[in-house]
Amino acid sequence: MIALYSQVEIVAVERPAEGKFVGVVGYVIESYDDNAYEVEVSDENGNTVAQFVALEREMLVLPEGGVAEGSE
């Protein structure tokens, strides 16, 4: 289970029409019973630019600071 407000990167999408979200970093703002999560993506001013549902297996939880190990 992913905690609310965790920063996540979308690493895979099982719905081809939503493939544009791969590589996007956002925050989990809601969780659902079926291992799905509402993810919000904001611009540098804090304005929401995208909001969508992603499955847990499609996301990588980022550590505080927002950079996954080995990606620097």
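The values are calculated or read from the model by the stated rules, or taken from the named source; none is laboratory data. Note that this is a predicted model, so its numbers are computed, not measured. Please note: Cβ atoms are built from the backbone with ideal geometry, for glycine as well, and neighbour counts cover all protein chains shown.
Condition first: exposed (fewer than 13 other Cβ atoms within 10 Å of the Cβ) and modelled with pLDDT of 95 or more. Can you find one or more residues in the range 13-28 that meet it?
Filtering the range 13-28 for residues exposed (fewer than 13 other Cβ atoms within 10 Å of the Cβ) gives 14-17, 19-20, 22-23.
Still in the list and also modelled with pLDDT of 95 or more: none.
The answer is no, given that none of the residues of the range 13-28 is exposed (fewer than 13 other Cβ atoms within 10 Å of the Cβ) and modelled with pLDDT of 95 or more.
For the range 1-40, which positions are of a type in the set (G, A, S) and out of contact with any helix residue (DSSP H, G or I) (no Cβ under 8 Å at 6 or more places or on another chain)? Step through it out loud before you land on a result.
First pass over the range 1-40, keeping only residues of a type in the set (G, A, S): 3, 6, 12, 17, 19, 23, 26, 31, 36.
The answer is A3, S6, A17, G19, G23, G26, S31.
Tell me, which residue of the range 29-45 that is within 15 Å of E14 (Cβ to Cβ) and not polar (S, T, N, Q) is nearest to the chain's Cα centre (by Cα)? Looking at residues that are within 15 Å of E14 (Cβ to Cβ) and not polar (S, T, N, Q), I get V39.
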